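Heads up, the thing below is written out as structure tokens.
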Amino acid sequence: MGYSVTLESFESLKGEWIEILPKSAFDNIFATPQWKQVWWRNFANGQELSLIALRRDAHLVGVAPLM
């Protein structure tokens with residue numbers, strides 16, 4: 001199940017996001033929450049952020065940052 005997360009609650013996903021990243025085929029600097037947050041703050045240009053957090057049994061299994 002997924003749910004949308006705003007930039008204000010971005011911080012709440014960081015720990016879990018970092019924890020699951022090594023299990024991903026996309027484990028690189030550009031997939032880290034730190035990179036996504038810095039990129040968003042500098043290049044969003046007033047767009048709306050939507051982070052889709054995918055969970056299985058209350059455990060984070062994926063994150064999709066969307067504009």
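Values computed for the structure shown
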item	result
Filter pass, ALA53 being part of a loop (DSSP other than H, G, I, E, B) and either at pLDDT 90 or above or touching a helix residue (DSSP H, G or I) at 6+ places or on another chain (Cβ under 9 Å) (or both)	no
Single residue of the stretch 35-55 satisfying the filter (in contact (Cβ under 8 Å) with a residue 40 or more places away in the chain and among the small types (Gly, Ala, Ser)) that is least open to solvent (accessible area, probe 1.4 Å)	ALA53
Complete set of residues in the stretch 13-33 that are open to solvent by 70 Å² or more (accessible area, probe 1.4 Å) and in contact (Cβ under 8 Å) with a residue 12 or more places away in the chain	ILE18, GLU19
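The values are calculated or read from the model by the stated rules, or taken from the named source; none is laboratory data. Because the structure is a prediction, the values reported are computed rather than measured. Because the Cβ atoms are built from the backbone with ideal geometry, glycine has one as well, and the counts that use them run over all protein chains shown. Please note that ligands, DNA and RNA were not included when accessible areas were found on the heavy atoms of the full protein model with its side chains. Shrake-Rupley method; radii C 1.70, N 1.55, O 1.52, S 1.80 Å.
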